[in-house]
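Here is the structure we will look at.
The values are calculated or read from the model by the stated rules, or taken from the named source; none is laboratory data. The shown structure was predicted, so the numbers you read here are calculated from the model rather than taken from an experiment. Counting neighbours? That spans all protein chains shown, and the Cβs are built from the backbone with ideal geometry, glycine included.
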Amino acid sequence: MSDDPQSQDGVRIRVRKLSKVFGKHPDRALALRDQGLDRAAILERTGDTLGLSNIDFEVRSGELLVIMGLSGSGKSTLIRCLNRLIEPSEGEISIEGDEITRMDAKRLRECRRRHFSMVFQHFALFPHRSVLANAEYALEIRGMPKAQRQEKALDALRRVGLEEWKDAYPRQLSGGMQQRVGLARALASDSSVMLMDEAFSALDPLIRRDMQQELVGLQRELDKTIVFITHDLDEALNIGDRIILLKDGEIVQVGTPEEILTRPANAYVERFVEGVDMSRVLTAQAAMRRPVAPVTLDDTPGEALARMDEGGVDTLYVVDDERRLAGILERGAVVRACAGEAPSLATLIEREVPRVLPEEPLHHLFPMFNKRSYPIAVVDGEGRLRGVVVRGAVLAQLAEVGREAPSPEPVPSLAPLDGPSATGVSS
Amino acid sequence: MIDVPRIPLGGWIEAGLDFLTGHYSHVTRAISRFTRSNISSLNDLLMAVPPWAMIVVIALLCWRISGYRLGVFAILGLSLIWNLGLWQPTIQSLSLVVIATLVAIIIALPIGVLAALSDGFNRVVMPILDFMQTMPAFVYLIPAIPFFGIGAVSAIFATVIFSMPPAIRFTALGIRQVPTELAEAADAFGSTRMQKLLKLQLPLALPTVMAGINQTIMLALSMVVIAAMIGANGLGAEVWSAIQRLQPGAGFEAGIAVVILAMLLDRITQAMKGREAAR
């Protein structure tokens, strides 16, 4: 067992040659598969279903890996093989070098306690336990003293904003809140990997968006390794660091959202991301959002910091009196400035900011997002700040348009940012 | 027609029972003595309380767990029983029901749990339960006598066998009904089997288990009455003697006392189940 959770190569889970047969003769079914028969033929010959076949992949430390596929693609089976809720028929799965597939019942239990937590599609909260007792569950079964585990569970509930509801019972909460409890239960367990099985699919679209953003935020903050299952391309593109596309129990493509969109591995993926070449006509305007209210050059660092806290962001755009983009402020610089004597914002800002016109095609924006960069500013002909484009929004927008019939004029999905409301910054 | 000899099924069963009584009668007699002393001490305990005090206690209990209606019904019904001079046989029947039900539950719960957790065990147990439930209840009385002698213990033996199946079935059903995702959640966080059972499956199965216990109590009461045929005391004995003397009035009086007792036991356990479910 390696003591260092971030093992040398940054791989947390390694899956090799994983297959799963549902039925009575897995060996025969796998032998037929090796002879080149497909799923349907194997089902006909043996009555067994080939759920997964020859799956190879890695989960890297700290990444949010999305496994995506339509129903019947084997994605739920796959995630359950990782912690052996479903017993694999062949292949190896190891976590931090420990081979899960060879563990006996006791070691498997230890491994699940230490490494895995899980969030379920229909929440799977324990109805007879309060919200707090649900969040405590993973710690309780490890025998942690009550006071200690309650403190940890409360921490987790605080993170998902449900501290006030700790004494409520799951049935008293809305779907979105219930899934937050599910998330808190997983967070409290302090596992190294979080498995999320269609975790947001049962929520309505608006709440799903919020939860996705929150998850991405949590993951950044806590540096969690997450394996996320979904059938929803928007969701996959929106939150995934990498995406594995699954079809009929086999991997079709592995890649970043950009790679999946721009270099589909075959016709199937192409059909999946159909309409994505719409990006040629989609523009920055369509994907841009209202920025967190920018500060002007006359504001003090203290005001800038307050604005950042309010908006929950780490960067802030600065405009001049004419609302022309002057540059960008980073939290670190502002904090330092607040601590020492406070110089004017003009000395703190980074003036070299990537900026695009509203007409800029979206696919030009991809290369501009290097990892962990701030949003891209959208400015008009006079250099006035019109909005910002965040990385997830580009992909979500592409996916959305790909789904619907393309319209000649791209319709902004978010409220258009023209008008005085967007410019009333330093009022 | 080929002359097929009659299969001596009855003979085999008797031989088996003879073997058991011949070799294990010391065991059954010991069980018998132990049970008899339990029954009589419970009976003495209940009889030591004056009827009016008992009626008040039961009425309060009914009021607390169900509501004032059941409390009022308890006062009226039990007062009627007292007035008819049936207090002692009612208490005797109640003691038998209580002990038989306790024994039945103690045996049934673990069997039900095992049947829920193991498909193989389930396949073996379910047909046996079918057998136990469909066999006419009187038949159990016959072998009970050589094992335990005439009287209350034989009555309890037959009653336990007759009334146990629903408690087993409902326990198994309640546990099997726990949604798969919940069981997966318990497993995924690394619960042991016992933790899963105690922290998830049994608490969720509780309302269903209570429904089974309710059924068991009802069956036990009906069997306790029938057991008068092998010398068990209580309301059944009153009915039995009314039949032999052709006294329809006395028979109905005792019958009505059985009905009152049954309704009280039923409503009390139903209310307990409802409280569990609402929690």
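With region B:160-279 as the region, which helices (runs of 4 or more DSSP H) entirely inside it contain at least 1 residues that are under 16 Å from the mean Cα position of the chain (by Cα) and at negative phi? Talk me through it step by step, then tell me what you get.
On the way: elements: B:180-188, B:193-196, B:202-226, B:235-244, B:248-278.
Qualifying helices (runs of 4 or more DSSP H): B:202-226, B:235-244, B:248-278.
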Q.
Condition first: surrounded by 17 or more Cβ atoms within 10 Å (Cβ to Cβ), part of a loop (DSSP other than H, G, I, E, B), touching a residue at least 24 places away in the same chain (Cβ under 8 Å) and more than 14 Å from chain B (Cβ to nearest Cβ). Can you find one or more residues in region A:83-94 that meet it?
A. yes
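Considering every residue within region B:185-199, establish whether at least one is of a type in the set (S, T, Y), buried (at least 19 other Cβ atoms within 10 Å of the Cβ), within 14 Å of chain A (Cβ to nearest Cβ) and under 30 Å from A:N83 (Cβ atoms). Before the answer, list the steps.
If we filter region B:185-199 for residues that are of a type in the set (S, T, Y), which is where we start, we get B:191-192.
Next cut, buried (at least 19 other Cβ atoms within 10 Å of the Cβ) only: B:191.
This time we only want the ones that are within 14 Å of chain A (Cβ to nearest Cβ), so: B:191.
From what is left, the residues that are under 30 Å from A:N83 (Cβ atoms) are B:191.
So far as region B:185-199 goes, yes, one or more of its residues are of a type in the set (S, T, Y), buried (at least 19 other Cβ atoms within 10 Å of the Cβ), within 14 Å of chain A (Cβ to nearest Cβ) and under 30 Å from A:N83 (Cβ atoms).
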Q: Could you list, in sequence order, all residues of region A:297-327 that are polar (S, T, N, Q) and over 13 Å from A:V388 (Cβ atoms)?
A: A:T300
Q. Counting just the residues of region A:234-246 that are within 16 Å of A:F57 (Cα to Cα) and modelled with pLDDT under 90, which one comes out surrounded by the fewest Cβ atoms within 10 Å (Cβ to Cβ)?
A. A:D241
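Output the residues belonging to region A:111-126 that are more than 7 Å from chain B (Cβ to nearest Cβ), assigned to a loop (DSSP other than H, G, I, E, B) and surrounded by fewer than 21 Cβ atoms within 10 Å (Cβ to Cβ). Steps first, please.
Step one: filter region A:111-126 for residues more than 7 Å from chain B (Cβ to nearest Cβ), giving A:111, A:114-115, A:119, A:121, A:123, A:125.
Remaining after also requiring assigned to a loop (DSSP other than H, G, I, E, B): A:121, A:123, A:125.
Across region A:111-126, the qualifying residue is only A:Q121.
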Q. Is one or more of the residues making up region A:171-178 crowded, with 21+ Cβ neighbours inside 10 Å and not aliphatic (A, V, I, L, M)?
A. yes
Q. Taking only pairs six or more apart or across chains, which ones have beta-carbon atoms under 7 Å, a first residue in region B:11-39 that is under 18 Å from B:I156 (Cβ atoms) and in contact (Cβ under 8 Å) with a residue 60 or more places away in the chain, and a second residue that is in a helix (DSSP H, G or I) and β-branched (V, I, T)?
A. B:S32/B:V153; B:T35/B:V153; B:T35/B:I156; B:R36/B:V153; B:N38/B:I99; B:I39/B:I99
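Please state which one of A:S71, A:S61, A:S76 is under 23 Å from the mean Cα position of the chain (by Cα), within 14 Å of chain B (Cβ to nearest Cβ), small (G, A, S) and surrounded by fewer than 22 Cβ atoms within 10 Å (Cβ to Cβ).
On the way: A:S71 fails: within 14 Å of chain B (Cβ to nearest Cβ); A:S61 fails: within 14 Å of chain B (Cβ to nearest Cβ).
Going through A:S71, A:S61, A:S76 in turn, just one is under 23 Å from the mean Cα position of the chain (by Cα), within 14 Å of chain B (Cβ to nearest Cβ), small (G, A, S) and surrounded by fewer than 22 Cβ atoms within 10 Å (Cβ to Cβ): A:S76.
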Q) From the residues in region A:146-188 that are closer than 20 Å to B:E181 by Cβ and either outside the structural domain of A:V119 (by TED's automatic domain parsing) or basic (K, R) (or both), which one is nearest to the chain's Cα centre (by Cα)? A) A:R180
